[in-house]
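Peer 1: Take this structure first; my questions come after.
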Amino acid sequence: MNSYHFIAIGGAIMHNLALALAKKGHQVSGSDDEIYEPSRSRLEKAGILPDKFGWYPEKIHEDLDGIILGMHARIDNPELIKAKELGIPIYSFPEFVFNQSQDKKRVVIAGSHGKTSITSIILHVLRDQKVQFDYLVGAQIEGFDLMVGLSDAPVIIIEGDEYLTSPLDRRPKFYHYKHDIALVSGIAWDHFNVFPDFDEYKGLFANLMKMTPESGTLIYCEEDPLVKQIAETESINGKRVPYPTHPAAIKNGKTYLITDQGEIPIHLFGDHNLQNLNGAMKVCLELGLTQEQFYQSIQTFKGAAKRLELLTEKSDGVMYRDFAHAPSKLKATVEAVKRQFPNRNLVAVQELHTYSS
């Protein structure tokens, strides 16, 4: 087993990766200047919460097999400087995940919206169908203790974020995974604070699509005009698989998929979720499942946390929570709820959050 030190261990994905490695039996240590819940309690329970907060170069020693560097750390971090002096390998978490999955089939789910929902659907279906897989997802999802799973499985499903990799690497995270199968759900200008030029932002996804190998597959939403334009005009070596919104009907506040097998009831609703569902199905088909298997398993999928998540339902009302962190997503959420419940009054409460919104 190996020994790893996390610089900025308290982040959502960083602490999940730390927990995953500790669960596999590796020696894990870490530092951070502040750690909030639920990261703090989870690290403490696993016995890898730092004794005190701050950066301590003495924690960095030659016996470490690697440093995993979080985006939260600054380039002048004293632990990072010490690691460079000692010549210890330094990985961003996407580089580390690739390093751990070079022999697997790598599926990357990308796009300005829908990534977590699509990834969550795929994970649910694969597990329900008893398919072995590893995963990296950007939110806590029902039935999974961690946001990262690493094992000897032959495939890994990765939620591919376009945000910057680390203080040392200003490239998008999803470039590092070197996908075999990529899905791109849509492009809507996000992370304005990091990508102030929309053409540059669109170029990130174009580059990702062009990275598809000749033996690989690009799955893309043909109803997103920017995605469709790039996927169908750029030079892409792999197979191209477009997908539209899955046909569906709404009856008494319940959504039914319209399929060759008849109408299938699901817990999801809204055009974006029906697009996400269809994209997830295309991925599952590429991985060898059948439509029948997908439709069987999707009926028990309740949705990802904070993605039109049902909080409570009574005879006179229903309440959902949604993490819509861009204007286009907020609009889509409101429209989806209005269509699902056309005869009810809708009250929407929006919390403005962070400068990137």
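Peer 1: Contact order normalised by length for the stretch 3-88, with contacts defined as Cα pairs under 8 Å and 6 or more residues apart; what percent is it?
Peer 2: Computed over the stretch 3-88, the figure is 37 percent.
Peer 1: Here is a further query. Cut-off is 10 Å between beta-carbons; in what order do Thr119, Thr312 appear when sorted fewest neighbours first? Could you put the intermediate results ahead of the total?
Peer 2: On the way: Thr119 28, Thr312 8.
The most exposed by this proxy come first: Thr312, Thr119.
Peer 1: Treating the beta-carbon of each Lys and Arg as +1 and of each Asp and Glu as -1, no other charges, what is the dipole magnitude of the stretch 96-298 about its Cα centre, to the nearest 20 debye?
Peer 2: About 200 debye.
Peer 1: Using amide H atoms built 1.01 Å from N in the peptide plane, name the residues 5+ places from Phe323, or on other chains, whose amide H lies under 5 Å from its own.
Peer 2: Amide H neighbours of Phe323, under 5 Å, 5+ apart: Arg307, Leu308.
Peer 1: If you don't mind, another one. What is the gain in length, in nm to one decimal, between Gln291 and Lys228 on full extension, counting 0.36 nm per residue of separation less the C-alpha to C-alpha distance? Please report the intermediate quantities before stating the final value.
Peer 2: On the way: separation 63, 0.36 × 63 = 22.68 nm, distance 2.39 nm.
This chain segment gains 20.3 nm when fully extended.
Peer 1: Stretched out fully, how many nm does the piece from Arg40 to Leu310 gain, at 0.36 nm a residue minus the Cα gap?
Peer 2: 94.5 nm is the gain from fully extending Arg40 to Leu310.
Peer 1: Assuming a ≥ b ≥ c are the square roots of the Cα gyration tensor eigenvalues, decide whether the stretch 3-88 counts as rounded (a/c under 1.5), prolate (otherwise, with a/b larger than b/c) or oblate.
Peer 2: Judged from the Cα gyration tensor, the stretch 3-88 comes out oblate (a/c at least 1.5, b/c at or above a/b).
Peer 1: Tell me what the chain gives for mean residue ellipticity at 222 nm when only DSSP H runs of n ≥ 4 count, each as -39,500 (n - 2.57), the sum divided by the residue total, rounded to 500 deg cm²/dmol.
Peer 2: Theoretical 222 nm ellipticity from helices: -9500 deg cm²/dmol.
Peer 1: Still on this structure: Hey, what did the chain get for relative contact order, percent, Cα under 8 Å, at least 6 apart?
Peer 2: Result for the chain is 13 percent.
Peer 1: Quick check: the angle from helix 327-340's long axis to the longest principal axis of the chain, C-alpha only, nearest 10 degrees?
Peer 2: The two axes meet at around 40 degrees.
Peer 1: Next question, about the same structure. For Val334 and Ile264 in one chain, what is 0.36 nm times their gap in residues minus the Cα-Cα distance, to one decimal in nm?
Peer 2: Values: separation 70, 0.36 × 70 = 25.20 nm, distance 2.42 nm.
Computed gain between Val334 and Ile264 is 22.8 nm.
Peer 1: Report the charge-dipole magnitude of the stretch 3-88 in Debye, nearest 20, computed about the Cα centre from +1 at each Lys and Arg Cβ and -1 at each Asp and Glu Cβ.
Peer 2: 340
Peer 1: Ranking Val108, Val227 by Cβ neighbours within 10 Å, fewest first, what do you get?
Peer 2: With the sparsest Cβ surroundings first, the list reads Val227, Val108.
Peer 1: Shifting gears a bit: For Phe93, Phe198, Phe144, what ranking results if the residue with the fewest other Cβ atoms within 10 Å of its Cβ goes first?
Peer 2: Fewest-to-most ranking of Phe93, Phe198, Phe144: Phe198, Phe144, Phe93.
Peer 1: If you place +1 on the Cβ of every Lys and Arg and -1 on the Cβ of every Asp and Glu, how big does the dipole about the Cα centre of the chain come out, in debye to the nearest 20?
Peer 2: 720
Peer 1: Tell me which label goes with the value of semi-axes √(5λ) of the Cα gyration tensor in Å computed from the coordinates here: (1) 28, 27, 23; (2) 35, 23, 21; (3) 30, 27, 17.
Peer 2: Structure-derived value, by its label: (2).
Peer 1: Related question: What list of whole percents do you get for P(r) of the stretch 96-298, with Cα-Cα distances grouped in 10 Å bins up to the one holding the largest distance?
Peer 2: Once binned at 10 Å, the Cα pair distances of the stretch 96-298 give 8, 36, 37, 16, 2, 0.
Rule-based calculations on the coordinates, nothing more; no lab input. Keep in mind it's a predicted model, so treat the numbers as computed, not measured. Neighbour counts run over all protein chains shown; Cβ positions are idealised from the backbone, glycine included.
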